[in-house]
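The values are calculated or read from the model by the stated rules, or taken from the named source; none is laboratory data. Note that the structure is predicted; figures quoted are calculated from it, not measured. With ideal geometry, Cβ positions are generated from the backbone for all residues, glycine too; neighbour counts draw on all protein chains shown. Side chains included, ligands, DNA and RNA excluded: accessible areas come from the protein's heavy atoms. Shrake-Rupley method; radii C 1.70, N 1.55, O 1.52, S 1.80 Å.
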Amino acid sequence: MKNFFTSTLGALTALVIFSVGCLVLLLGFMAAMAALGAADKARPGVTRGSYLVFDLSTNISDAPPRVDLSFFGAKNDTVQLRAVTRALRQAAQDDRILGVFITGDLSPAAFGSGYAALKEVREALESVKAAGKPVSAYITHANTKSYYLASVADDLAMDPYGVIMMPGLASQPAFFAGMLDKYGVNVQVTRVGKYKSAVEPFTRTEMSPENREEVQKLLNDIWGDLLADIAPSRNLMPAQLQSVVNTEGLLRADTAKASGFVDRIAYRDEIYDALKVKTGNAGSKEPFKQIAVTEYAKAIRDIADSPKRDGSVPRTLGRAGRIAVVYAEGEIVDGEGESTDIGSTKFSRELRKLRQDDNVKAVVLRVNSPGGSASASEIIQREIRLIKAVKPIVISMGSYAASGGYWISAYGDRIFAESTTITGSIGVFGLQFDVERLANNFGVTFDSVKTGKFADSLTIARPKTPEELAVLQRMVDWIYTEFVAKVAEGRNLTREAVEEIAQGRVWSGTDALRVGLVDELGGLDDAIAFAAEKAGIVDNYRLVEYPREKEIFEVIQEYLYESSPEFAHSTGLTRKIADRVEMELKMLRTFNDPKGIYARMPMNLSIN
């Protein structure tokens, strides 16, 4: 009887939980459908005489966000790069838009808001100024990336108690060799390329001289490019900017104004009052006439518009064919991968569909990846070579297109990169862990029975023998030779020339152009325009983007997660520390190559 009541109570409890879950899902589904319908019926309009408000308090990603939370009244924490640049260029020609107002501070995440992406945004802001429309900005606590965008403004105001945090660029990798040794985890490495420093976090306690050399050169290139862009906007010389940065480090409002970094000091209400006057709402309790960049992008609706190469008016939408923009953003891993990865199986399947679709006349591959699995990179590259045989495929490099990211780019009909793109890193490494000492500390030992000399060579129970390491090194050497050969063939270079620029070294986009790794400096719109020219459909095509948006049930699931109290309150210093640790550990998860061999740039090359 006791068991009967226990079983009955358990069943009832499960039924209640299931019913509540279904109810929540049903209500979420109904709310989503209502929101979708309302959004479709009441698409945002543009009031004549409005300012386009560009709130930087977001992460700018290459790929479109998988979920549009605005349907549920929530704020999106990510905005697509092309939605921003397209909205700004359209605003430059839209007589309903008076000008652009920039505010907020960027919140970079994952591979978003990189300097190459921000360069495209800055160029779009310049197009607004070129059209004779004012661009104003208001900063409170601006980091380097936010100031890089805000500095383009004709009128740049700063809060009296604000600060510009622009001390220069730095990369501060973490090293785990001491920790691994302390706990008895052994690491053995096979690699090719004296600059292939991706293994260093597990084998060293500090940067190697070669790694320090390449990172210093890369930082100098990117920093020099930033100063070269900022200086003319502020009527200064790059050397003057550098002098202030070296003297002050952090700029208070009075110093920023005196040194020319900003035009004036003002409180936010003063800025808003001035914008009210400009938009005809002076003295009103209503805010100034405005529309957000994200809402404006929806209002102009047609995501297919793309400027021609000569910068003239965008072509009209037609039916002659499609150009597919495919976003390769994240780590390259074997299999399906997670939502933030480039899974070779899933990604190559998408490319195969595009190759076989006769309506798709050209493909633009937008790469924003540090690389990853060598075998996964080859699976993707194979599909790219097959596409090239039947239709144009053009590569647009984002902030990162290195190692495996370059592997999948090498065969493009034309490769575009920004001057601040991090690319190259043509090198290969193998990373083998063993826990023998760690296990022994707890009294755990291992034994082995095998039918072949190398049957247990990939075990983590013991270190690899010299013979086993030699086998792995031969595999690494072979893949590196293949990598070099593929780059030579894809880029029409000699193997000797590729060897000179390989060795695992990373290059800025400017240097990559000089050494022949890319064809042209330019952004995604330039790549799309080139693809249209090569496909012969300049004035008559539709643009389609991949990956797809999520299904409604996926949207609901993610919305419920994003709305949870635990998620909403996980901010501040604790969150930042957790994010850094999570980022470092996530890299270990992406080490899923069946052979343990990788084409990846320096693992934690984060530039701040």
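Can you name every one of the helices (runs of 4 or more DSSP H) wholly within segment 471-563 that holds 3 or more residues which are touching a Lys or Arg at 6+ places or on another chain (Cβ under 6 Å) and either more than 27 Å from THR340 (Cα to Cα) or modelled with pLDDT of 90 or more (or both)?
524-535
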The helices (runs of 4 or more DSSP H) lying entirely within segment 343-459 that contain at least 2 residues which are open to solvent by 10 Å² or more (accessible area, probe 1.4 Å) are 344-356, 374-388, 436-441
Taking segment 145-184 and keeping only residues that are closer than 19 Å to ILE60 by Cα and open to solvent by 10 Å² or more (accessible area, probe 1.4 Å), one is left with LYS145
Checked pairs for segment 535-547, first at negative phi, second hydrophobic (A, V, I, L, M, F, W, C) and part of a loop (DSSP other than H, G, I, E, B), C-beta under 6 Å and 6 or more apart or across chains, list as ARG542/ALA304; LEU543/ALA304
Taking segment 126-156 and keeping residues in a helix (DSSP H, G or I) and either in contact with a strand residue (DSSP E or B) (Cβ under 6 Å, 6 or more places away or on another chain) or over 23 Å from GLY509 (Cα atoms) (or both) leaves VAL128, LYS129, ALA130, TYR147, ALA150
Within segment 324-342, the residues that are open to solvent by less than 10 Å² (accessible area, probe 1.4 Å) and either under 14 Å from PRO392 (Cα atoms) or part of a loop (DSSP other than H, G, I, E, B) (or both) are ALA324, VAL325, VAL326, GLY330
Out of (1) modelled with pLDDT under 95; (2) among the hydrophobic types (A, V, I, L, M, F, W, C); (3) within 18 Å of SER396 (Cβ to Cβ); (4) open to solvent by less than 40 Å² (accessible area, probe 1.4 Å), the one VAL84 does not meet is (1)
SER127: passes all of (1) touching a Lys or Arg at 6+ places or on another chain (Cβ under 6 Å); (2) farther than 16 Å from VAL293 by Cβ; (3) surrounded by fewer than 23 Cβ atoms within 10 Å (Cβ to Cβ) but (2)
Checked ASN246, ASN235 against criteria (under 15 Å from MET165 (Cβ atoms) and either in contact with a strand residue (DSSP E or B) (Cβ under 9 Å, 6 or more places away or on another chain) or open to solvent by 60 Å² or more (accessible area, probe 1.4 Å) (or both)); the one match is ASN246
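Mind checking whether some residue in segment 192-202 is closer than 27 Å to SER259 by Cβ, open to solvent by less than 50 Å² (accessible area, probe 1.4 Å) and touching a Pro at 6+ places or on another chain (Cβ under 6 Å)?
Start the filter on segment 192-202 by keeping residues that are closer than 27 Å to SER259 by Cβ, which leaves none.
Checking segment 192-202: not a single residue is closer than 27 Å to SER259 by Cβ, open to solvent by less than 50 Å² (accessible area, probe 1.4 Å) and touching a Pro at 6+ places or on another chain (Cβ under 6 Å).
On the given criteria, is VAL449 more than 30 Å from ILE323 (Cα to Cα) and in contact (Cβ under 8 Å) with a residue 40 or more places away in the chain? First the steps, then the outcome.
Working: more than 30 Å from ILE323 (Cα to Cα): yes; in contact (Cβ under 8 Å) with a residue 40 or more places away in the chain: no.
Judged against the criteria, VAL449 is not a match.
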Subset of segment 289-323, residues farther than 16 Å from GLN80 by Cβ and at pLDDT 90 or above, comes to LYS289, GLN290, ILE291, ARG322, ILE323
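Quick check, is ALA578 of a type outside the set (S, T, N, Q), part of a helix (DSSP H, G or I) and at pLDDT 90 or above? Explain how you work it out, then say what you get.
On the way: of a type outside the set (S, T, N, Q): yes; part of a helix (DSSP H, G or I): yes; at pLDDT 90 or above: no.
So ALA578 does not fit the description; no.
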Subset of segment 450-471, residues within 18 Å of THR190 (Cβ to Cβ) and among the hydrophobic types (A, V, I, L, M, F, W, C), comes to PHE454, LEU458, ILE460, LEU469, ALA470, VAL471
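For segment 518-533, does any single residue satisfy the condition of being in contact with an Asp or Glu (Cβ under 6 Å, 6 or more places away or on another chain), over 20 Å from VAL363 (Cα atoms) and not hydroxyl-bearing (Ser, Thr, Tyr)?
No.
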Apart from one, (1) under 17 Å from GLY404 (Cα atoms); (2) modelled with pLDDT of 95 or more; (3) of a type outside the set (Phe, Trp, Tyr) all hold for ARG349; the odd one out is (1)
